[in-house]
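Note sheet for the following structure.
Just so it is clear, none of the values below were taken in a lab; they were calculated from the coordinates. Quick caveat: nothing in here was measured; it's all calculated off a predicted structure. With ideal geometry, Cβ positions are generated from the backbone for all residues, glycine too; neighbour counts draw on all protein chains shown.
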Amino acid sequence: MAPSTGTAEARAAEPQGEAAHFERTVARDQRIEPRDWMPDAYRATMVRQIAQHAHSEIIGMQPEGVWITRAPSLRRKAILLAKVQDEAGHGLYLYSAAETLGADRSELTAKLISGRQKYSSIFNYPTLTFADVGVIGWLVDGAAICNQVPLCRSSYGPYARAMIRICKEESFHQRQGYELLMTLMRGTDAQREMVQDAVNRWWWPSLMMFGPPDADSTHTAQSMAWKIKRHTNDELRQRFVDMSVPQADALGVTLPDPDLRWNAERGHHDFGEIDWSELKRVISGDGPCNAERVAVRRAAHEDGAWVREAAAAHAAKQEAR
Ligand code: BYC
């Protein structure tokens, strides 16, 4: 049910003007749409978050994409192709959502390939074996779902709506990863070791995906007040840990944290200290694969210049007719 807007008298007494309309829309849990007035800082925050998110989807195609030609069967290849293609689709919806805020997609791409805009830290780690494909599906897409389901209620309409479809597809991605890992765990000792090794390498970076601890998060307080974010970084990280522990048990893998244990008093799992210096290093461009990821994206952009030029020439001809 839509929240009550009160009586006509009460509405008449409400502060008028664009800023008041914005505040009321957010307070009533309604959506801000592209045509609505919004504070410059809200617009800038939305462009920043949506662009980073779009870049993450596009850069996120690389670590798994390199396994398409090496997938162990036709079935695994078809699944992986579909998944990587989905990530491209997510990037495109998100660039379109950024455009509704007046951002220019080619400028956003230019900022990504010149290192002026960020993308998720998680995609700066290498994928060493095919088990990494399964672990990315299970843990990375699992973390993404934890973070993105609340974003379906984000206050900016086009972002919230894009997130609904993205989350549905991410759920499929997570299941395919888990199913791949289950298959490997039912295989040989070498396959089980491969899965454990991949879990050991991806567990901590997955926890870092949720961002810095709340005390060090620059944007959380304002983004929560504007209802862009619905939970803090630490709340979502805790939710992810609690969700992953029983899944790891069912799979038969050990999460690489000796301090991980159930705390009955808190009703949550306690977990060990995250190496925040690693997150800072990776975010600032010094992770294991940052240079490679950006170089691949830049080369793809340059190689695709003729396609953009041909499309623009075709559009110009159509218009002239
Ligand atoms: N990596 O104040 P904070 C996917 C930055 S793709 C890099 O807490 P905020 C998938 C942050 O930007 C999933 N940077 O920020 C694709 C800020 O720097 P700036 C991508 C990070 O925005 C393919 C500074 O640190 N998901 O699922 O309130 C295959 C301070 O942080 C990171 C999204 O993008 C990080 N991990 O909260 C498989 C979700 N964390 O901008 C899967 C949407 C923080 O001031 N984004 N920073 O220079 C969000 O929910 C929020 O932006 C974050 C950060 C929770 C990530």
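In the range 87-135, the ratio of gyration radius to Kirkwood radius, Rg to Rh, stands at 1.09 when only Cα atoms are counted. Note on the range 137-228: with charges restricted to the Cβ of Lys and Arg (+1) and Asp and Glu (-1), its dipole about the Cα centre is near 440 debye.
When peptides 190-201, 103-114 are ranked by their average number of other Cβ atoms within 10 Å per residue, the highest-first order is 190-201, 103-114. Residues whose amide H comes within less than 5 Å of that of H268, counting only those at least five positions distant or on another chain, are N263 (H built at 1.01 Å from N in the peptide plane). The residue among P288, P258, Q238 whose Cα reaches farthest toward the positive pole of the charge dipole of the chain, with charges on the beta-carbon of Lys, Arg, Asp and Glu, is P288. Find the percent of Cα-Cα distances in the chain that exceed 33 Å, and round it to a whole number. Above the 33 Å cut-off, the chain has 32 percent of its Cα pairs. Averaging the Cα positions of each part gives two centres, and for the range 151-177 and the range 86-108 these lie 15 Å apart. Peptides 307-315, 144-152, ordered by how many other C-beta atoms sit within 10 Å of their residues on average, highest first, read 144-152, 307-315. Derived scalar couplings between HN and Hα for the range 283-300 equal 5, 8, x, 10, x, x, 10, 3, 5, 5, 4, 5, 5, 5, 5, 5, 4, 5 Hz in order, rounded to whole Hz, by the Karplus curve 6.51 cos²θ - 1.76 cosθ + 1.60 (θ = phi - 60°), x for Gly and Pro.
Remark: C-alpha extents of the range 257-315 on the principal axes read 66, 26, 15 Å, sorted largest to smallest. Averaging the Cα positions of each part gives two centres, and for the range 20-81 and the range 184-223 these lie 20 Å apart.
The peptide list 269-277, 80-88, 236-244, put in order of mean Cβ contacts within 10 Å with the highest first, becomes 236-244, 80-88, 269-277. What you get for the range 168-285, charging only the Cβ of Lys and Arg (+1) and of Asp and Glu (-1), is a dipole of about 480 debye around the Cα centre.
Our helix-only sum for the chain, with -39,500 (n - 2.57) per DSSP H run of n ≥ 4 divided by its residues, gives a mean residue ellipticity at 222 nm of -20000 deg cm²/dmol. Look at the dipole of the chain built from charges on Cβ: of P150, Q85, G137, the Cα furthest out on the positive end belongs to Q85. Taking Cα centre as origin and charging only the Cβ of basic (Lys, Arg, +1) and acidic (Asp, Glu, -1) residues, the dipole magnitude of the chain rounds to 940 debye.
Three principal axis extents of the range 161-279 based on alpha-carbon atoms, in descending order, are 51, 35, 30 Å.
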